[in-house]
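The values are calculated or read from the model by the stated rules, or taken from the named source; none is laboratory data. These numbers were taken from a predicted model, which means no experiment stands behind them. Neighbour counts are summed over all protein chains in view; Cβ atoms, including those assigned to glycine, are modelled from backbone coordinates with ideal geometry.
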Amino acid sequence: MTTVLHKTTKLSLPAKVQDATTLLIEDHKLVDGLFKAYEKALTKTIKKKLVSQICTELSVHTQLEEEIFYPAVKKALKDHELVPEATVEHETLKSLIAQVEGVEPDGEMFDARIKVLCEYVEHHVKEEQEEMFPKAKATQLDMKELGGQIAARKQELMAKRS
């Protein structure tokens, strides 16, 4: 086991750390699956639970990108377009999350908000995976190191939300 330090908190991680983009893509797939489950959900109870998971995953994911991944990519690419655009998209995602988090799934307007959130996430993910991630991988960034930082911080953030 290797130990990664982040802000005075010591967390143990497996010796085999994943590439940063691999971790972020896994998050994207998880959220996509949660949205698909929501579309099929038949009860308010199931919908509410799924929305809670979606909001948690998206909130943690955006925080990880904003704290760790985006600053590294912005610096490595000397970027003035991709990262700022993604950051603005995150602001809109956070607004949509705030409209549904902790709210009772009460009909068509709630379902419409979830649908718009899903479509917005799909758009954002497509841009990251097709544009930002390949460009980031082509730099000298140590993707394993970034992956370790992301994994450690995610563990920390998820523990706070539990």
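Scanning the stretch 47-81 for residues that are assigned to a helix (DSSP H, G or I) and farther than 26 Å from L34 by Cβ turns up P71, A72, K74, K75, A76, L77.
A single entry from K47, K16, K74, K40 fulfils the requirement of being surrounded by fewer than 14 Cβ atoms within 10 Å (Cβ to Cβ), of a type in the set (D, E, K, R) and modelled with pLDDT of 95 or more: K40.
When L141, L96 are screened for being in a helix (DSSP H, G or I) and either over 21 Å from E57 (Cα atoms) or of a type in the set (A, V, I, L, M, F, W, C) (or both), only L96 passes.
Here the stretch 128-138 is the region considered, the condition is being touching a residue at least 24 places away in the same chain (Cβ under 8 Å) and exposed (fewer than 15 other Cβ atoms within 10 Å of the Cβ), and the residue that is nearest to Q63 (Cα to Cα) is Q129. When residues in the stretch 91-143 are screened for being aliphatic (A, V, I, L, M) and within 21 Å of E26 (Cα to Cα), 11 of them pass.
Each residue in the stretch 70-105 was checked for being within 25 Å of Q53 (Cα to Cα), free of Cβ contacts under 8 Å to residues at least 60 places away in the same chain and either in contact with a helix residue (DSSP H, G or I) (Cβ under 9 Å, 6 or more places away or on another chain) or not hydroxyl-bearing (S, T, Y) (or both), and 18 of them qualify.
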